[in-house]
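**Q** A single structure is presented below for examination.
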Amino acid sequence: MTPYYIPTSNSETEFTEKRSRFIGHVAHVTTEEQARGFIAEMKKRYHDARHNCWCYILREEGIVRYSDDGEPQGTAGQPMLAVFQKQDITDVVCVVTRYFGGVLLGAGGLVRAYTKSARDAMDAAGTSAVRRWVSMDVPCDYSRFARFQQETEQMEGLVQEVVYGADVTLQVLLPEERGEDYIDRIVDISAGTVTPVVTGEALRAVPIK
């Protein structure tokens, strides 16, 4: 399956630009009801703020919406939305709250500030890839540990855990389509002395950054 990307967790970030406070929030949602509920929650929490701008993208429903919430048209919601579209993030809602500090930022300044707030909040939330993964145990001696770890990363895999003992066992996740190639590669570089053991497979969201 083609992977898609979602926020790993909810986040909150804040910075000040020319005395205006920008508070960014990102959350993972899967329905418009959840997205609207999150926006309402933020508006209630920051009811005394000048603006609560927002955007959301929903994969299954094919919905993309945004609002400038009183800021000049095109200076808030759309730049925020562009942050997630450029990173191919979906099933996401973002609200950026602005407490006006008395200094006008101008259209360009607003675009930069709302873009930064959305990007900071997304970076803080982290990104997970949703795809079908194959889990494997890879036994090896300590001399091969770094090489096997490198091969896993080159195959877009993740080392979930390392079990230390007389030897080492890497517990790894590989994209489904890379599983057989990964096994062949480990067998090849170990001259047939190591064969990864498949322990399961599942559709899941796995943090990648």
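**Q** What number comes out for the charge environment of Val198, summing +1 per Lys or Arg and -1 per Asp or Glu over other residues with Cβ under 12 Å away?
**A** Taking every Cβ under 12 Å from that of Val198, the sum is -4.
**Q** How large is the convex hull of the Cα atoms of the stretch 1-86 per residue, expressed in Å³ as a whole number?
**A** Hull volume over Cα atoms, normalised by residue count, gives 112 Å³.
**Q** List, in the order given, every pair from Lys43/Lys209; Lys86/Lys116; Lys86/Lys209 whose Cα-Cα distance in the structure shown is over 21 Å.
**A** Table pairs above 21 Å Cα-Cα are Lys43/Lys209.
**Q** Now for a separate question. Residue-wise, which Karplus ³J(HN,Hα) couplings in Hz belong to the stretch 142-155, taking 6.51 cos²θ - 1.76 cosθ + 1.60, θ = phi - 60°, and x for glycine or proline?
**A** Values, residue by residue: 5, 5, 9, 3, 4, 5, 5, 4, 5, 4, 4, 5, 5, 8 Hz.
**Q** Starting from the stretch 16-83, pick out the GluC sites (Glu not before Pro) whose DSSP state is loop and whose Cβ has at most 13 other Cβ atoms within 10 Å.
**A** Glu60, Glu61
**Q** Project the alpha carbons of the stretch 129-207 onto their principal axes and report the range along each, largest first, in whole Å.
**A** 33, 23, 20
**Q** One quarter of the convex hull surface, Cα atoms only: what value does that give for the stretch 31-127 in nm²?
**A** Numbers: hull surface 24.3 nm².
Across all orientations, the stretch 31-127 yields a mean hull projection of 6.1 nm².
**Q** Kindly write out, for the stretch 181-192 in residue order, the coupling ³J(HN,Hα) from the Karplus curve 6.51 cos²θ - 1.76 cosθ + 1.60 (θ = phi - 60°), rounded to whole Hz, with x marking Gly and Pro.
**A** Result, rounded to whole Hz: 5, 5, 4, 4, 5, 5, 4, 5, 6, 9, 6, x.
**Q** Would you tally the net charge around Gln87, using a Cβ to Cβ cut-off of less than 15 Å, leaving Gln87 out, and scoring K and R as +1, D and E as -1?
**A** +1
**Q** Treating only the Cα positions of the chain as identical point scatterers, give the base-10 log of I(q)/I(0) from the Debye formula at each q in 0.08, 0.13, 0.16 Å⁻¹.
**A** Listed by q, the Debye log ratios stand at -0.39, -0.75, -0.92.
**Q** For an R0 of 45 angstrom, estimate the FRET efficiency from the Cβ-Cβ distance between Val163 and Phe15 and round to the nearest 0.05.
**A** Here the calculated transfer efficiency is 0.60.
**Q** Output wanted: per-residue J couplings in Hz (rounded whole) for the stretch 16-21, from phi through Karplus 6.51 cos²θ - 1.76 cosθ + 1.60, θ = phi - 60°, x for Gly and Pro.
**A** With coefficients 6.51, -1.76 and 1.60, one gets 10, 10, 6, 6, 8, 8 Hz.
**Q** In what sequence do His25, His47 fall when counting other Cβ within 10 Å, fewest first?
**A** Least crowded to most crowded, the residues run His47, His25.
Bear in mind these aren't lab numbers, they're just calculated from the coordinates by the rules spelled out. Fair warning: this is a prediction, and the values are worked out from it, not measured in the lab. Note: ideal-geometry Cβ built from the backbone for every residue, glycine included; neighbour counts use all protein chains shown.
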